[in-house]
1. Report the extension gain between residue 132 and residue 166 in nm, rounded to one decimal, defined as 0.36 nm multiplied by the number of residues separating them, less their alpha carbon distance.
2. On C-alpha positions alone, give me the angle between the axis of helix 283-297 and the longest principal axis of the chain, in degrees, nearest 10.
3. By how many degrees, between 0 and 90 and to the nearest 10, does the Cα long axis of helix 221-231 differ from the longest principal axis of the chain?
4. Just for the chain, what percent of DSSP beta bridges are antiparallel, to the closest 5?
5. Measuring from centroid to centroid over Cα atoms, what is the spacing of segment 356-371 and segment 290-350 in Å?
6. Determine the distance separating the Cα centre of segment 532-572 from the Cα centre of segment 376-428; give it in Å without decimals.
7. Normalised by the residues of segment 461-582, what does the relative contact order come to in percent, with Cα pairs under 8 Å and at least six apart?
8. Over the chain, what is the mean sequence separation of C-alpha contacts under 8 Å (at least six apart), divided by residue count, expressed as relative contact order in percent?
C-alpha cells in the first residue's frame with residue numbers, strides 16, 4: 001500500500017483527504033521529518049508539534065490566495081512538505097535542496113523569507129492592509145509561537161493588527177515552551193487561559209480587541225479544522241489560541257524540548273555511555289567557568305540571555321547554579337541591551353551574550369541606551385564571521401554595526417588567554433561599554449598568560465616584526481594571517497590588532513618607514529568594517545593597502561570554501577595578490 005504522503009503534491013491534494021487519511025499523513029510526515037533532521041540537523045521539536053495544524057490550515061484555507069505567514073520559520077517543514085517540496089524530506093539526495101526557512105524563491109506558498117523572531121503579525125498586518133487598499137479578497141493568517149510573543153515587535157504587531165476593520169487571523173501556537181522555558185509575565189496569562197479552557201476573564205488577546213477562539217488540543221485535526229472553518233473569511237481581527245505538544249511523536253523531543261529544539265546531525269544515533277565523555281574545553285566552557293567563579297566573588301555579576309541560552313552553553317544546570325544572578329528576558333534582544341545598560345549604570349556587572357545575527361535587532365539600544373550613556377556593560381558576540389548559513393542567520397555584519405557606534409570598545413581576541421583577559425577587564429572597568437567578538441570556530445589556547453593592559457585603547461600588538469609587507473589579522477583570522485606570512489616567503493610583519501573600534505595611529509605611522517604594503521584580514525563584510533579604517537588612515541600617503549573580507553551581500557547556504565575562494569580569503573590567493581601588487585616575481 002502506498003503512503004498518503006506520496007500522493008500529496010500541493011495543498012489541493014490535502015483537501016481530498018478524509019480525517020483518517022490526514023491522521024495517517026501526519027504520522028508519515030513526522031517519520032520523514034525525524035529521519036531527515038537527524039541526518040542533516042535542523043529544527044526538530046518545533047516542526048513535530050505543528051504537523052496537524054499545518055495539515056488543517058491547508059485543508060481549510062486556500063494557499064497562496066490565502067496568505068500563511070510564518071514567524072521565525074522554525075515550524076515551516078510540514079508546510080514545505082505539503083506545498084510541493086516533500087522530496088526535500090523523503091529523498092536523501094534532495095535533503096539540501098531547500099532552505100530551513102520560508103523562501104518565496106522556492107514556492108509561491110512562501111510569502112516572506114524570514115528567520116528572525118516576532119515578525120509575523122507585523123508582516124501579516126501589512127499584507128492585510130495592502131489587500132484592503134487594493135480591494136482584494138482572501139484570508140491573511142499569521143502563525144506565531146508562544147516563545148515569539150516575548151519579542152517587542154510581536155506586541156507592536158498585535159497592537160496595530162487589532163485596529164484593522166477587516167480579516168486578519170493570528171494563530172498562536174502555545175506549547176508552553178520557547179527555545180528554553182518561557183520567561184515573562186505574559187506567560188502567566190497563557191497558563192491561565194490553558195487552565196480555564198480559554199474562558200478566563202483576564203485575556204491578553206481580548207484586552208487588545210481581538211475576537212478569540214481557544215483549542216485545548218492543537219494536535220486534534222477535528223478541532224483544528226472545525227475552528228479554522230469558523231474563522232475563515234471572518235471580517236475582523238481574530239486570534240486562534242491553540243495548545244500543541246512540542247516534539248510530538250518523538251519521545252526524546254517530548255521529554256527534552258530544549259535540547260531537541262534544534263539538533264546536530266546524528267543526535268538520535270548517540271548512545272548513552274556508562275561513563276559520560278569529558279566536556280571539551282571551548283570558549284563556551286571557559287566563559288561559564290569564569291562567570292560562576294566571578295559570581296562567587298562578586299554578587300553584582302549577572303548573566304543575561306535573550307531566550308537562546310543553549311547557543312552560549314548556558315545549560316539548565318549552569319542557570320540553576322547562578323540562581324538570581326541569571327535572567328532570561330525572553331526573545332527580546334532590544335530589551336536585553338537596555339536592561340544590561342541600566343544594570344551596569346546602577347552598579348551591577350552584567351554579561352550579555354548575543355548571536356551576531358541577532359545583534360541587528362539591537363542597534364537603537366546599543367546606540368541610545370548603552371553607548372550614549374557610556375554604561376559599562378559587557379556584551380559577548382557569538383557566531384560572528386563568514387559562514388555557510390541560511391541568509392536569515394548570517395554573522396558577518398556585526399563589525400560595521402557595532403564598531404562605528406561611539407563609546408563602545410569592540411575587542412577581538414585570538415585565543416583563550418586573550419579572551420579571558422579581555423573579559424575580566426571588561427567586567428571590572430567602569431569607563432566604556434565593551435563588546436567582545438568571541439572567536440568562532442577552532443578553540444585556541446596559547447598556554448601563555450596574557451598580560452595586556454586593555455585600558456590603553458587601540459594599541460596593536462606586533463607579533464612578528466619584519467619589513468615590506470605588514471599583515472594586520474583580526475581575531476579569528478589571525479591564523480590566516482600567519483599562514484599568509486609563511487607562504488609569502490618574505491620577512492613580513494604580523495600584527496594582532498585586538499581592537500576593532502579604533503586604530504593604532506602611532507604603529508601605523510611607523511610602518512611607513514620600511515613597509516610598502518599593508519593588508520588587513522577580517523572575518524566579516526568589508527563595507528564599513530575594520531580594514532576600511534586602516535585604508536582611510538593611509539589614504540593620503542604612498543602606502544598601498546589591500547583589504548580582505550566578505551562582499552556586502554546576502555549569501556544563502558553557500559559552502560564556506562566557495563565563499564573563501566570568492567572573496568580571495570585563502571593563503572594562495574592572498575599571496576598572489578600581494579605579489580602582483582608589489583610586482584614581485586612569482587615563485
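1. This chain segment gains 11.5 nm when fully extended.
2. That works out to roughly 90 degrees.
3. 90
4. Among the beta bridges of the chain, antiparallel pairing accounts for roughly 10 percent.
5. Cα centres, segment 356-371 to segment 290-350: 17 Å.
6. About 19 Å separates the Cα centre of segment 532-572 from the one of segment 376-428.
7. It comes to 26 percent, rounded to a whole number.
8. Relative contact order, the chain: 10 percent.
Each reported figure results from applying straightforward, stated rules to the coordinates on display, with no laboratory input. Remember, it's a predicted structure, so these values are computed and weren't measured experimentally. Here Cβ is always computed from backbone atoms with ideal geometry, including for glycine, and neighbour counts include all displayed protein chains.
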